[in-house]
Amino acid sequence: MKIFEAAYPVNHTPTAEELSALAAKACGLPSRKIVHCDIVRRSLDARGKLVYRYQVRALVEGDDPVKEYRFDYKNVSSARPVIIVGGGPAGMFAALTLLQRGLKPVILERGKDVHSRKKDIAAISQKQTVNPESNYCFGEGGAGTFSDGKLYTRSTKRGDVYEVLHQMAAFGAPESILVDARPHIGSDILPRMVEGIRECIVSHGGEYHFDTRVTDLKPLSDGKERWEVICDGGLTFKAHDVILATGHSARDIYKLFDSKGWMLEAKDFALGVRAEHPQSLINHIQYHGRWQPGIPAAEYYLAEQVDGRGVFSFCMCPGGILVPSTTDNGALVLNGMSNSQRNGALANAGIVVQVSASDVPEYSKYGTFALLEFQRELEQKMFEVSNSLRAPAQRMVDFCRGRESANLPKSSYTAGTIAAPLTEILPPFVADSLRKAFLLFDRKMKGYYTNDALLLACESRTSSPVRIPRNPETLYHPQLPGLHPCGEGAGYAGGIVSSALDGIAVASKLL
Ligand SMILES: Cc1cc2nc3c(=O)[nH]c(=O)nc-3n(C[C@H](O)[C@H](O)[C@H](O)COP(=O)(O)OP(=O)(O)OC[C@H]3O[C@@H](n4cnc5c(N)ncnc54)[C@H](O)[C@@H]3O)c2cc1C
C-alpha cells in the first residue's frame, strides 16, 4: 500500500482517472497494476493559493485489502441486559457496541426524544424558561445533538476514530466526515442521525426509556444482578452491569455519589466567555483575503500561556449561533452550534481560562465540589445581571480597556444581550487572563482584537469539574464492581467523538 499526496485547486474535485494516473506514477507502475485507489484525507491549505490537499491510498496486487467497517448488530431481545444511564454519544455508542456483541442495551434517559426535545429548546429562547430535564444538554443524543457537531479529537489512543465516523455515516451523517481533516455534521443533520441510532437499537431488541431520570443506584449483594437502578416515579431496573454516561451537567449524580460516600475526585476545568466576530473577518484573516463562495467558513484555534495559566479557544463554531445551554432556571451558560453549511454571518468560540481549586480558596469548604460550586454560583451571577437569559456582553476592546460599551453589535445569541462590564462581573483572575490573551491572540491572527467583536458571558461547561474514578483495568468504579463511569461526565472524554470512543471502550470491556 502506498499513501501519497496530491493538491488540487479548491474548485476542482479530482476524478477517479486522475487519481489512478497519479497512483501509477507514485508507485512507479502501469495503471493496470493499481487495484484500488481512494482518498483517505482532505484538508484545505490556505498558506499560498487556496488548494485542497489530498492523501490518496493506492493498493497494488498482493497488498492487504483496505479495512472495511461492517457493523453486525445482533438481535438481543432475550439477551442479558446492560443498563446505560444517559443517551448521549457515550451511551449511544456503548449501546451500539453491546448490540454487536450480543448484549441488550437498556438506555435510561432523563430527557425527551429528539423531536419533543426541539420544542423545549425553542422555549428556552422564546419564553425564557428551561425545562430542567429537556434542554441543550439533556435529552436524546445528549449535549451533542444541537451543536456544531465537530468531530475532531486529538486523541488517537482512545480507540478507532473511524469506527465512530463510519457508524455515524451509516446513520445519516455526510460521507465527507470520513475524509475531511476537520469533519463536522451540523444541527440540521444531527437529530436525524441520533434518531437513526435509536431505531437501530430498538429494532434489534434494545430498549430506550425517555423521561426516565435515574435517582438512585443500589448495589445488590445476592443473585446474579449486581445493581438496582431506581428512577423518578419508582420505576426500577436490575442488571449485572451499569454504564453511567450522564454527561458533565448531571450534578445530581455527583451529589448522589457523595451522599453514599462513594469516591469522587475534583478536576480542573476552564471557563470564560464566548467571543463573536463577523465570519467575514475570520475568513479574511485565515484565508489571507482569498476567501471565495463555496469555501468552508474559516475556523481558528488559539492558545496562549498567560502568567502561567492556559487561555484557549474552545468549541469554535464557524457561521454558527450562540445558544443558552443551561440546565437550570436562574442560571446562564452559553455554548455554540451551527448547521451543516456553517453559513451564518457570525463566528463564535469559547475563550476560556484554566481554573483549579487553588484559584478559588474561598470554595475549599465544599471539598471535592469546590469547583462545581464555583461554576454553579458564577452561572447564577450571570443570570442575575438581567434576571433573565439575556447574556451580559461587552465589546472586546472596551472589555480590555475597562470601559463600558455604549452599544452592542448584532449577536446571534438567541435569548438576547445586555451591555454589562464583564471585567467587573467575571472573577478577576479570569478577566485579567482574558484581557492579556486577546492582545496576544491578535499577534497570531491580525485583526482578531477588534471592537467589532462581542464578548458574552459565560462559557462555563467546558468539561466536568468532578471526576468519577474508575479502575483502568476493569473500567469500573474502584469501590463498585459492575458500575462503569463513562464519557464526559465521568471525566474520561471531552467532545462527541472521544465520548463515543469511551462508550465503545467501556461496552467492549463488559464482554
Ligand atoms: C451546545 C453544545 C455544543 C457542542 N458542540 C460540540 C461540538 O461541536 N463537538 C464536540 O465534540 N462536542 C460538542 N459539545 C460537547 C459534547 O456534546 C459533549 O462532549 C458530549 O455530548 C458528551 O457526551 P456524553 O455522552 O459523555 O454526555 P452527554 O452528551 O452530556 O449525555 C449525557 C446524557 O445523560 C442524560 N442524563 C443525565 N443525568 C441523567 C440521569 N440522572 N438519568 C438519566 N439520564 C441522565 C442526559 O439527559 C444526557 O442526554 C457541545 C455541547 C453543547 C452543549
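Short-range pairs are left out: with C-alpha atoms under 8 Å and at least six residues apart, the relative contact order of the stretch 120-270 is 15 percent. Straight-line cross-link partners of Lys119 among the aspartates and glutamates, defined as a Cα under 18 Å from its Cα and at least 8 positions apart when in the same chain: Glu109, Glu133, Glu140, Asp188, Glu195, Asp211, Asp328. Normalised by the number of residues in the chain, what is the relative contact order in percent for Cα pairs under 8 Å and 6+ residues apart? With pairs under 8 Å counted, the relative contact order is 18 percent. Computed over the chain, the quotient of the alpha carbon radius of gyration and 2.2 N^0.38 Å is 1.01. Taking θ as phi - 60° and the Karplus parameters 6.51, -1.76 and 1.60, the scalar couplings of the stretch 52-69 work out to 8, 9, 10, 9, 10, 10, 10, 10, 10, 3, x, 6, 5, x, 5, 5, 9, 9 Hz in sequence order, x denoting glycine and proline. Each Lys or Arg adds one and each Asp or Glu subtracts one; over the other residues with Cβ under 15 Å from the Cβ of His115, this totals -2.
Within straight-line reach of Lys224, meaning a Cα separation under 19 Å, sit the following aspartates and glutamates at least 8 residues removed in sequence or on another chain: Asp241.
The stretch 2-60: D in µm²/s via Stokes-Einstein (Kirkwood Rh, Cα pairs, 4 °C, 1.567 mPa s)?
111 µm²/s
Here the translational diffusion coefficient of the stretch 290-401 follows from Stokes-Einstein with Rh set to the Kirkwood radius across Cα pairs; for 37 °C and 0.692 mPa s it amounts to 200 µm²/s.
Restricting the calculation to Cα atoms, every distinct pair contributes to the Kirkwood radius of the stretch 349-448, found to be 15.0 Å. Pair-distance distribution of the stretch 395-511: all C-alpha pairs, bin width 5 Å, starting at 0; shares per bin in whole percent are 2, 10, 15, 14, 11, 9, 9, 9, 9, 7, 3, 1, 0. With unit charges on the beta carbon (Lys/Arg positive, Asp/Glu negative), name the residue among Ala58, Ser203, Ala94 whose Cα is farthest towards the positive pole of the charge dipole of the chain. With unit charges placed on the Cβ atoms, the residue in question is Ala58.
Based on C-alpha pairs under 8 angstrom that are at least 6 apart in sequence, the stretch 343-430 has a relative contact order of 24 percent.
Take the Cα pairs of the stretch 268-459, get the Kirkwood Rh, then feed it into Stokes-Einstein at 25 °C and 0.890 mPa s and tell me D in µm²/s. The calculation lands on 146 µm²/s. Which entries in the list Lys157/Lys436; Lys2/Lys25; Lys255/Lys509; Lys112/Lys509; Lys260/Lys509; Lys157/Lys255 go over 23 Å, if you measure between the two C-alpha atoms of each? Beyond 23 Å: Lys157/Lys436; Lys255/Lys509; Lys112/Lys509; Lys260/Lys509; Lys157/Lys255. Among the trypsin sites (Lys or Arg not before Pro) within the stretch 411-507, those in coil by DSSP and having at most 14 neighbouring Cβ atoms inside 10 Å are Lys446. Remark: the stretch 452-511 is approximated by an ellipsoid whose semi-axes, taken from the C-alpha gyration tensor as √(5λ), come to 30, 13, 6 Å, largest first.
Suppose R0 equals 51 Å. What FRET efficiency, 1/(1 + (r/R0)^6) with r the Cβ-Cβ distance, do Asn329 and Val35 give to the nearest 0.05?
Details: r = 61 Å, r/R0 = 1.20.
Taking R0 as 51 Å, the efficiency between Asn329 and Val35 is 0.25.
A Cβ-based charge dipole, computed about the Cα centre of the stretch 2-60 with Lys and Arg at +1 and Asp and Glu at -1, lands at about 160 debye.
Given a Förster distance of 56 angstrom, what is the FRET efficiency for Arg80 paired with Arg403, based on the Cβ-Cβ distance and rounded to 0.05? After rounding to 0.05, the efficiency reads 0.30. Remark: spin-label model distance Gln380-Asp216 equals 2.7 nm, labels positioned 7 Å along the Cα→Cβ axis.
Of all the C-alpha pairs in the stretch 45-191, what % are more than 18 Å from each other? Spell out each step's value before the answer.
Details: 7306 of 10731 pairs.
Beyond 18 Å sits 68 percent of the P(r) for the stretch 45-191.
Every number in this text was worked out from the coordinates using simple rules, so none of it is lab data. None of these values were measured; they are calculated from a predicted model. No Cβ is skipped: glycine too gets one built from the backbone with ideal geometry, and neighbour counts run over all protein chains shown.
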